[in-house]
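Working notes for the structure below.
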Amino acid sequence: MSVYVNNAATSWPKPECVPKAVFDFMTGRGANLARGAAAKRDVDTLDMVMECREALADLFCGYRDCDPRYVTFTSNVTESLNVVLKGYLRPGMTVATTSMEHNAVIRPLRALEKKGINLEIIKCDDRGRLDPRSLELLIESKTIDMVVIAHGSNLCGVIQDVKSVGKICKDKGVPFVLDTAQTAGVIHISASDLGLSALCFTGHKGLMGPQGIGGIVWEPSFAEKCSPFVEGGTGSFSDEEYQPTRMPDKFEAGTPNLPAIAGLLAAVRWIEETGIETIHSREKELGERLLKGLIHMKGIEFHGPSDMENRLPVFAVNFDCVDNGTLAGELADMGIETRPGLHCAPLAHKTLGSFPQGALRLSVGYFNTEEDVDSTLNQLSRLVDR
Ligand SMILES: Cc1ncc(COP(=O)(O)O)c(C=O)c1O
């Protein structure tokens, strides 16, 4: 038996078109980007990368009629966040975030703090929810130069009220940066409606693409204010010794992960065909089934929201009789793949009261079945009973 309930780490399996597109690119095309002589293979690569930018700009409702040049490719959302945070924040500025963030936000901010940037961490409640009013009060009490938060928690699935946060930031003129690692491809997100300065995404989770690709959808005037994180060859303006300021070249030095872009394009097309609403309601259905089974288990301690309202199907639990690491190991021996421990989110665990022991995380995805959920619940309760 094999049951994969670790989709918050990376989605699996991928739609069949995704590995096929990676294979087809590597075997049939494979030319570098803007580093050839306009042979057919060169033009095909250029078109494929532009088509992927356009598909992402459309998916996330980018700015200026979804201008695809304002979609930057990176390796993952961690890199995207580093590009944005380190490209914009300067000593003396103050950045606000929450106590539910992944280390992809917290670690760059802690590093920036050492360089003279002030950090304000707003405490979320013990279910992981941010009260937008506390952000508003903070912005009213001092100058905040940027707000950066995760849309959905990788630990307990809570979805933050980004609509209210976006409105507050817009009214107060504060740049708003969103980490969509857990929500992109699963929930409809409009960068322009939310007033985002930068939407940071990773390709390998809800977007169903390969690992090693992520990106940023920029609000154009904000992109102009950020300095590039990496400088080097872009295949353009080769007479220049300085990094081009034109998009998308400004933030994309070096050869990108072209096979992964091919896979991501196929994945986004698959999402368009399947429909985000269909994906979301299927995941919610599976989440409800898992939640119903978990909540009544003997000796369970449930971290995060205990209903499916505004949450992802990502659950963090502990049992009073057994360590979460031992449990995850025994489940793995039975072919059930979960994730124990601290999930790169120590502050979030502190917020939910599960630090330092961490928790057992179970996360279902679109390709799970009712049988997957039931056998996970059965094996889990057998282990706990034992
Ligand atoms: C909320 C959140 N932010 C950031 C990340 C980092 O993602 P990546 O490793 O793809 O950069 C994750 C991954 O689990 C996440 O869940």
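The values are calculated or read from the model by the stated rules, or taken from the named source; none is laboratory data. None of the values given here were measured: they were computed from a predicted structure. Neighbour counts are summed over all protein chains in view; Cβ atoms, including those assigned to glycine, are modelled from backbone coordinates with ideal geometry. Surface areas here come from the heavy atoms of the whole protein model, side chains and all, with no ligands, DNA or RNA. Shrake-Rupley method; radii C 1.70, N 1.55, O 1.52, S 1.80 Å.
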For the subset of region 327-351 comprising residues that are open to solvent by 20 Å² or more (accessible area, probe 1.4 Å) and more than 27 Å from residue 1 (Cβ to Cβ), which member is farthest from the ligand (Cβ to nearest atom)? 350
Find the residue count for region 353-364, including only residues that are within 16 Å of the ligand (Cβ to nearest atom) and either among the β-branched types (Val, Ile, Thr) or open to solvent by 20 Å² or more (accessible area, probe 1.4 Å) (or both). 1
Only one residue in 92, 62 is closer than 20 Å to residue 272 by Cα and not acidic (Asp, Glu). Which one? 62
Could you tell me which of the residues 282, 361, 382 is of a type in the set (D, E, K, R) and within 19 Å of residue 126 (Cα to Cα)? 361
Can you find even one residue in region 105-112 that is within 28 Å of residue 363 (Cα to Cα), within 13 Å of the ligand (Cβ to nearest atom) and out of contact with any Leu (no Cβ under 7 Å at 6 or more places or on another chain)? yes
If the requirement is being open to solvent by less than 10 Å² (accessible area, probe 1.4 Å) and touching a strand residue (DSSP E or B) at 6+ places or on another chain (Cβ under 9 Å), which of these qualifies: 310, 318, 324? 324
Within region 74-86, is even one residue assigned by TED's automatic domain parsing to the domain that holds residue 230, open to solvent by 20 Å² or more (accessible area, probe 1.4 Å) and more than 16 Å from the ligand (Cβ to nearest atom)? no
Condition check for residue 262: over 19 Å from residue 216 (Cβ atoms) and in a helix (DSSP H, G or I): yes
Any residue at all in region 47-56 that is closer than 27 Å to residue 108 by Cα, assigned by TED's automatic domain parsing to the domain that holds residue 106 and open to solvent by less than 70 Å² (accessible area, probe 1.4 Å)? yes
Can you name every residue in region 275-309 that is polar (S, T, N, Q) and touching a helix residue (DSSP H, G or I) at 6+ places or on another chain (Cβ under 7 Å)? 306
Can you tell me which condition residue 263 does not meet? The list is (1) more than 17 Å from residue 157 (Cβ to Cβ); (2) within 22 Å of the chain's Cα centre (by Cα); (3) open to solvent by 20 Å² or more (accessible area, probe 1.4 Å), and all the others hold. (3)
Could you list, in sequence order, the residues of region 205-214 that are on the phi < 0 side of the Ramachandran plot and within 11 Å of the ligand (Cβ to nearest atom)? 205, 206, 207, 209, 211, 213, 214
Residue 308 meets each of (1) out of contact with any Asp or Glu (no Cβ under 8 Å at 6 or more places or on another chain); (2) at pLDDT below 95 with one exception, condition (1)
Looking only at residues in region 143-157 that are surrounded by fewer than 24 Cβ atoms within 10 Å (Cβ to Cβ) and more than 13 Å from the chain's Cα centre (by Cα), which one is farthest from the ligand (Cβ to nearest atom)? 143
